[in-house]
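Notes to accompany the following structure.
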Amino acid sequence: MIPPLISLVKYDSPVLVSTTKDKGKDKGGRKKKDLPPVEQKSGMTQTEDILNSILPPREWTEDGQLWVQYVSSTPATRLDVINLQEKLDQQLQLRQARETGICPVREELYAQCFDELIRQVTINCAERGLLLLRVRDELRMTIAAYQTLYESSVAFGMRKALQTEQGKADMEARIQYLETENKELEKQVNEWKMKCESIEKRENERRQAEEKKHKEEVEYLTRHAKQLKQQLETVLQPGKK
């Protein structure tokens, strides 16, 4: 794995740690490449130990060779700080980092810039560097917590959206069922309405026929009663004489 070509953190030159090509060579063969002396690790200053604990060295393998690159312990000058700012702005522009909102590119570059500032401060004062390390770790934990909260919120929102969509589908199916049932009921209502109108029409016709028949019977009985009365009067009139 080859490390990033560009980093805002200042590193020393890469050091060859081991190579597979040197294995199997006899003693009379080509001389091995010098490895870092063991004394180099034991002779490192306390500041270098702190730097390596804060910013672990980068390791990668290339062509069967293991390389390591330690963070630089060279103190930073005012020009280095200015160059760091210019380099940060340049990388933000080249990698098209967004100025606002969530942007992984911008987060990565500012994290590298902060690590470089921690490196510079640690060289001058290890205590301040360790304090900045605590601040950095706390910020990372806070960001991770917010990221977890954001992801859980997104997942919750997606679940709610799916539930809403499912509920919407169920509601649409329910509406369609009720509309179909309503049409069927309207059809039945119209049928019963037509039946009622037909029955009402027949009843009206029957009532009118009965009324007509009753009226004719009454008229007939009235005429018949009148005739009987006249006949009775005719029969009774000679007796009065």
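The values are calculated or read from the model by the stated rules, or taken from the named source; none is laboratory data. Predicted, not measured: the structure shown is a model, and the values here were computed from it. FYI the Cβ positions are ideal-geometry reconstructions off the backbone, even for glycines, and counts take in every protein chain you see.
Quick notes on this structure:
- Some residue of the range 153-164 being among the hydroxyl-bearing types (Ser, Thr, Tyr) and modelled with pLDDT under 90: yes
- Residues satisfying the stated conditions in the range 58-67, i.e. surrounded by 15 or more Cβ atoms within 10 Å (Cβ to Cβ) and either touching a Cys at 6+ places or on another chain (Cβ under 7 Å) or under 15 Å from residue 12 (Cα atoms) (or both): 58, 67
- Selection status of residue 101, among the small types (Gly, Ala, Ser) and in a helix (DSSP H, G or I): no
- Any hit, the range 213-233, residues being within 59 Å of the chain's Cα centre (by Cα), surrounded by 10 or more Cβ atoms within 10 Å (Cβ to Cβ) and not assigned by TED's automatic domain parsing to the domain that holds residue 107: no
- Number of residues in the range 127-136 that are closer than 18 Å to residue 110 by Cα and exposed (fewer than 11 other Cβ atoms within 10 Å of the Cβ) equals 1.
- Only one entry in 148, 122, 100, 164 is within 30 Å of residue 82 (Cα to Cα) and either surrounded by 11 or more Cβ atoms within 10 Å (Cβ to Cβ) or within 16 Å of the chain's Cα centre (by Cα) (or both), namely 122.
- When 136, 128 are screened for being in contact with a helix residue (DSSP H, G or I) (Cβ under 9 Å, 6 or more places away or on another chain), touching a residue at least 12 places away in the same chain (Cβ under 8 Å) and either in the same structural domain as residue 51 (by TED's automatic domain parsing) or assigned to a helix (DSSP H, G or I) (or both), only 136 passes.
- Every residue from the range 41-93 that is closer than 20 Å to residue 112 by Cα, in contact (Cβ under 8 Å) with a residue 24 or more places away in the chain and hydroxyl-bearing (Ser, Thr, Tyr): 47, 70, 72, 73, 74
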